[in-house]
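Data first, discussion second: the structure below is written as structure tokens.
No value in this document is a laboratory result; all are computed from the given coordinates. Bear in mind that the values here come from a model prediction, so they are computed numbers and not experimental data. Note: ideal-geometry Cβ built from the backbone for every residue, glycine included; neighbour counts use all protein chains shown.
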Amino acid sequence: MGAGIALAALAGLMLGSFVTVVGYRLPRGESVVGGRSHCTTCRAKIAAYDNVPVFSWLLLRGQSRCCGDRISARYPVTEIGLAILYATVVAVFWGEALEIALGLVFVTMLMAITLTDLDRRIIPNKVLLVAAAAAVVIVAIGDPGSFPERAIAAVAAGGLFFVAALAHPKGMGLGDVKLAAVMGLFLGRNIAPALIVALLAGSLVGIAIIAREGAAARKQSLPFGPFLAFGGVVGLLLGDQLIHLYLTTFT
Ligand SMILES: [Zn+2]
């Protein structure tokens with residue numbers, strides 16, 4: 001199991017590097033697969049040895065070799081974050097191939113939309129579509145019997161957020177609606193604790209910002225994607241326990 005977790009962490013580092021590329025290029029309409037990595041400031045091509053996840057950033061002390069411009073800490077943070085998530089998914093679901101495959105795709109999608117939503121207020125359809133298609137294939141192979149539950153969760157979560165978006169168009173976008181639906185596909189009934197955690201976290205941060213910056217902050221809206229992503233990770237890793245806790249406490 002230890003070797004599996006180490007491998008997962010390594011894969012997370014590499015995929016995290018890819019996710020930062022996707023997160024940067026997709027909202028800007030650039031091709032995700034074509035073209036070598038280039039400096040976002042002077043467009044110089046980046047050598048492979050300067051493109052090693054985390055280590056290159058540390059060696060270069062966060063400055064590019066070509067023009068000395070600052071390289072965002074977002075790169076190593078995303079890479080380390082995804083490495084930790086991959087290792088955790090493999091450790092938690094060890095022995096359950098379906099759950100591991102779904103979980104890895106799920107956290108990769110959540111990391112990508114967190115970047116694009118924070119950066120540009122965009123939750124790209126391409127990311128949602130690729131993740132949803134992967135989920136359908138994995139479930140069709142591994143556990144087709146769970147499709148009804150997943151479909152209900154997707155429709156319920158998407159419907160709930162669609163109503164919220166209609167009632168409060170400034171706070172919630174269609175991207176959030178679609179993301180909630182895709183999360184339902186991945187999580188099934190665990191979408192319930194995921195959404196509750198997302199709404200709680202979003203409310204707490206919103207209240208904290210208003211408390212610190214006063215009423216003026218009320219006019220700005222927070223991107224909700226990162227909170228959905230956080231709730232999604234909690235729902236994935238702890239959803240069963242949270243539902244069990246709820247059922248034993250309140251029924
Ligand atoms: Zn440069």
Positive-end residue of F18, C67, A216, charge dipole of the chain with Cβ unit charges: C67
Note down the nm distance, to one decimal, between modelled labels 7 Å out along Cα→Cβ at C67 and at R121. 2.7 nm
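Would you mind calculating the relative contact order of the chain from Cα pairs under 8 angstrom and at least 6 residues apart, reporting the percent as a whole number? Don't skip to the answer; put the middle values down first.
Values: 312 pairs, mean separation 45.0, N = 251.
In percent, rounded to a whole number, it is 18.
Which of the peptides 92-98, 20-26 is most tightly packed, and how do the rest follow, going by the mean number of other Cβ atoms within 10 Å of each residue? The partial results should precede the final answer.
Working: 92-98: 12.7, 20-26: 21.1.
Ranked by mean Cβ neighbours within 10 Å, highest first: 20-26, 92-98.
How high is the FRET efficiency from L204 to I80, r the C-beta distance, R0 30 Å, rounded to 0.05?
On the way: r = 25 Å, r/R0 = 0.82.
Computed FRET efficiency for L204 and I80 comes out at 0.75.
Which FRET efficiency value, to the nearest 0.05, is calculated for K170 and L129 with the Förster distance at 22 angstrom and r the Cβ-Cβ distance? Show your work: numbers first, answer last.
Numbers: r = 26 Å, r/R0 = 1.18.
Efficiency, rounded to the nearest 0.05: 0.25.
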Under 17 Å from K45, Cα to Cα: aspartates and glutamates that are on another chain or at least 8 residues apart: E30, D69
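For a quick protection proxy, order the peptides 175-188, 69-82, 236-249 by their average other-Cβ count within 10 Å, most packed first. Don't skip to the end; give the middle numbers.
Details: 175-188: 25.1, 69-82: 17.9, 236-249: 14.1.
In descending order of packing, they fall as 175-188, 69-82, 236-249.
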Contour minus Cα-Cα distance for I141 and H38 (0.36 nm per residue): 33.2 nm
